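The values are calculated or read from the model by the stated rules, or taken from the named source; none is laboratory data. Bear in mind the structure is a predicted one, so any value in this text is a computation, not a measurement. Neighbour counts are summed over all protein chains in view; Cβ atoms, including those assigned to glycine, are modelled from backbone coordinates with ideal geometry. These area figures cover heavy atoms from the full protein model, side chains too; ligands, DNA and RNA do not enter into them. Shrake-Rupley method; radii C 1.70, N 1.55, O 1.52, S 1.80 Å.
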Amino acid sequence: DDYSGRVRMLFFGFTSCPDVCPTALQKLNQATSGLDPEASG
């Protein structure tokens, strides 16, 4: 109920993945930067 109507996202990353993780985090940042601040909390 605390997050009702809000955007929820779960990301699984790795502590050492120089090829994939930086790209995945960059895409995640791009996706979340366009969200309404009220929706993302």
Checking residue 17 against (1) of a type outside the set (Phe, Trp, Tyr); (2) touching a helix residue (DSSP H, G or I) at 6+ places or on another chain (Cβ under 9 Å); (3) open to solvent by 70 Å² or more (accessible area, probe 1.4 Å), the condition it does not meet = (3)
Being charged (D, E, K, R) and outside any loop (DSSP other than H, G, I, E, B) is the filter; apply it to the chain and report the residue that is modelled with the lowest pLDDT.
-> 38
